[in-house]
1. Could you list all residues from the range 1-42 that are of a type in the set (A, V, I, L, M), under 12 Å from Ile69 (Cβ atoms) and within 13 Å of the chain's Cα centre (by Cα)?
2. Could you tell me which residue of the range 7-60 is nearest to Glu99 (Cα to Cα), considering only residues that are assigned to a helix (DSSP H, G or I) and aromatic (Phe, Trp, Tyr)?
3. Looking at Tyr78, is it in contact (Cβ under 8 Å) with a residue 60 or more places away in the chain and buried (at least 17 other Cβ atoms within 10 Å of the Cβ)?
4. Here is a list: Gln31, Gln61. Which entry is within 15 Å of Trp85 (Cβ to Cβ) and either aromatic (Phe, Trp, Tyr) or crowded, with 16+ Cβ neighbours inside 10 Å (or both)?
5. Given the options Ile95, Ile89, Ile69, name the one that is in a loop (DSSP other than H, G, I, E, B) and surrounded by 15 or more Cβ atoms within 10 Å (Cβ to Cβ).
6. For the range 46-58, give me each residue that is in contact with a His (Cβ under 9 Å, 6 or more places away or on another chain) and open to solvent by 90 Å² or more (accessible area, probe 1.4 Å).
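The values are calculated or read from the model by the stated rules, or taken from the named source; none is laboratory data. Just so it is clear, the model here is predicted, and its values are computed rather than measured. Virtual Cβ from ideal backbone geometry, glycine too; neighbours counted across all protein chains shown. Keep in mind that these areas ignore ligands, DNA and RNA; they rest on the heavy atoms of the full protein, side chains included. Shrake-Rupley method; radii C 1.70, N 1.55, O 1.52, S 1.80 Å.
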Amino acid sequence: MNTNHFFRTTMATSYTARKFFKKVVHDAYLQLQQWDSEVVLEAEAWRLYTVRIQYRGQSYQVAFTKSEIDILQQESPYALDQAIWLHLIQQGLVIQPFEGNYLSKVLTSSIQRKIS
């Protein structure tokens, strides 16, 4: 999957936390869908910003407060993506070989070395 840094930066600075969260979750879903077309992802953005994923027979869940979303959104355009993916990896998700630049932007080289 590919991503455009300029557009993502624009989104990070102009979207509300809820809208940005939904965009980031959608991008994660698209990446997971490239590896398994039967992935199921549910996102809830109300009191807690929660992602629930059913992927290859495993369940994963990640949750953030609105304050955490706001901080990550201001930190960098891909900080929220990185937080989501790191939580998924900590829960046992194995990163598959990928095409495009999305995960390269999300998972910095130091993180990629830890999961390789």
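1. Val24, Val25 - these are the residues of the range 1-42 that are of a type in the set (A, V, I, L, M), under 12 Å from Ile69 (Cβ atoms) and within 13 Å of the chain's Cα centre (by Cα).
2. Trp35
3. Considered against the rule, which asks whether it is in contact (Cβ under 8 Å) with a residue 60 or more places away in the chain and buried (at least 17 other Cβ atoms within 10 Å of the Cβ), Tyr78 comes out as yes.
4. Gln31
5. Only one candidate passes the filter, namely Ile95.
6. none
One line per residue, one yes/no per condition, for (1) without any contact (Cβ under 8 Å) to a residue 40 or more places away in the chain; (2) more than 21 Å from Asn2 (Cβ to Cβ):
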site	(1), (2)
Lys23	yes, no
Ile69	no, yes
Val94	yes, yes
Gly100	no, no
Ser104	yes, no
